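The structure under discussion appears below in the form of structure tokens.
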Amino acid sequence: MADTRQVIILGSGAAGLTAAIYAARAELQPLLFEGRQPGGQLTITTEVENYPGFAEAIMGPDLMVRMRAQAERFGTEIITAEVESVNLKVKPFEIMAHGNRYTAHSVIIATGAVAKLLGLPSEAKLMGHGVSACATCDGYFFKNQRVAVVGGGDTAMEEATFLTKFASGVNVVHRRDKLRASKIMQERAMANPKISFTWDSEVEEVLGVKEGKVTGVKLMNLKSGKSSVLDVDGLFIGIGHQPNTKLFQGQLELTAAGYIQTILGTRTSIPGVFAAGDVQDSVYRQAVTAAGSGCMAALDAERYLEELKHPAHALPAAKPDRAGAVDVSETRPVR
């Protein structure tokens, strides 16, 4: 076993790699485990147009290659392996990967989340070519086109409503005859003239594999058993996300939806363990917000490690003031 690390980072998406860049520049010599999907969800995204600093669109995988190279340039050690187990109840913290044991004084969790998908072969083949699980990311590419959204909850209604800014029409496909979304989200969607509904139906197949782009979806009515074709140029899956928190169940405090609960930035229920990106963010789920929280996690970890060295001179924890805002007068400026 190698010497105990100052910080180990779990995950290699925008949050994990940004945390690595900041931790490495702070000379913490971070060790990063890439996980099951090196590069995170951006590796299955085509053009990224909303990440600051790129006047022209950049391909998602290219952006992650650049982030990885930047993290390595500052001294991050990257291991292409999936973490098998963690023990956050001992100090130093223990990480098991490919049969080896690693220890660290601090851990940054950036394992992300995965969109719940339909599981169709055609869906997988056309992902990034008309099939998407993020309207905010890809809606712009469907100006004046017809799209379908699968789902009946708040996620689907939010996606459908957002897409009406660009698409000429949005058809919501739901397997039941009524929505599960909150009342206000239902009302907004149903009042929007661009949104229509196909009830009691599920997607059997995404059409357009030969053409390399979505040309429609084959639907089956669950009550009649009859199939039909809906002509659309894009398909958005709006059935929710699943945070990758299985490793931390029973160790960290999680939200009801399974996301890691964070307070005062990226701090978790265990001192020395921090969380960033989609694994703790069920609201924004954007590359830029993930990167921002990765930066925050690295700064929080650096501060925690400094306090371990000098406990008598530890900086006071940020506390809410009377108005509910966080007092940051004692925190250090971002370098």
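The values are calculated or read from the model by the stated rules, or taken from the named source; none is laboratory data. Here the structure is a predicted model, which means the values were calculated and not measured. Glycine gets a Cβ as well: all are built from the backbone with ideal geometry, and neighbour counts include every protein chain shown.
Observations
- Restricting Ala287, Ala276 to residues that are in contact with a Cys (Cβ under 9 Å, 6 or more places away or on another chain), closer than 15 Å to Leu252 by Cβ and crowded, with 22+ Cβ neighbours inside 10 Å narrows the list to Ala276.
- All positions within the stretch 213-253 that are among the hydrophobic types (A, V, I, L, M, F, W, C), within 16 Å of the chain's Cα centre (by Cα) and surrounded by fewer than 22 Cβ atoms within 10 Å (Cβ to Cβ): Ile239
- Considering the stretch 191-207, the residues that are out of contact with any helix residue (DSSP H, G or I) (no Cβ under 7 Å at 6 or more places or on another chain) and acidic (Asp, Glu) include one that is nearest to Gly151 (Cα to Cα), namely Glu202.
- Subset of the stretch 153-193 that is of a type in the set (Gly, Ala, Ser) and free of Cβ contacts under 8 Å to residues at least 40 places away in the same chain - its residue that is farthest from Ala115 (Cα to Cα): Ala191
- If the condition is being in contact (Cβ under 8 Å) with a residue 12 or more places away in the chain, of a type outside the set (Gly, Ala, Ser) and under 16 Å from Gln145 (Cβ atoms), then the stretch 208-238 contributes Lys213, Val214, Thr215, Val217, Leu230, Asp231, Val232, Asp233, Leu235, Phe236.
- Flag for Ile260 being in the same structural domain as Ala156 (by TED's automatic domain parsing) and either out of contact with any His (no Cβ under 8 Å at 6 or more places or on another chain) or buried (at least 16 other Cβ atoms within 10 Å of the Cβ) (or both): no
- Looking only at residues of the stretch 209-234 that are in contact with a Leu (Cβ under 6 Å, 6 or more places away or on another chain) and part of a loop (DSSP other than H, G, I, E, B), we find that the one that is farthest from Leu120 (Cα to Cα) is Thr215.
- Close Cβ contacts (under 7 Å, 6 or more residues apart or on different chains) running from residues in the stretch 242-271 that are over 18 Å from Ser85 (Cβ atoms) to residues that are part of a strand (DSSP E or B) and of a type in the set (Phe, Trp, Tyr) comprise Thr266/Phe274; Arg267/Phe274.
- Scanning the stretch 29-69 for residues that are assigned to a helix (DSSP H, G or I) and hydroxyl-bearing (Ser, Thr, Tyr) yields one hit, Thr43.
- Residue in the stretch 289-311 that is within 30 Å of Val172 (Cα to Cα) and not in a helix (DSSP H, G or I) present: no
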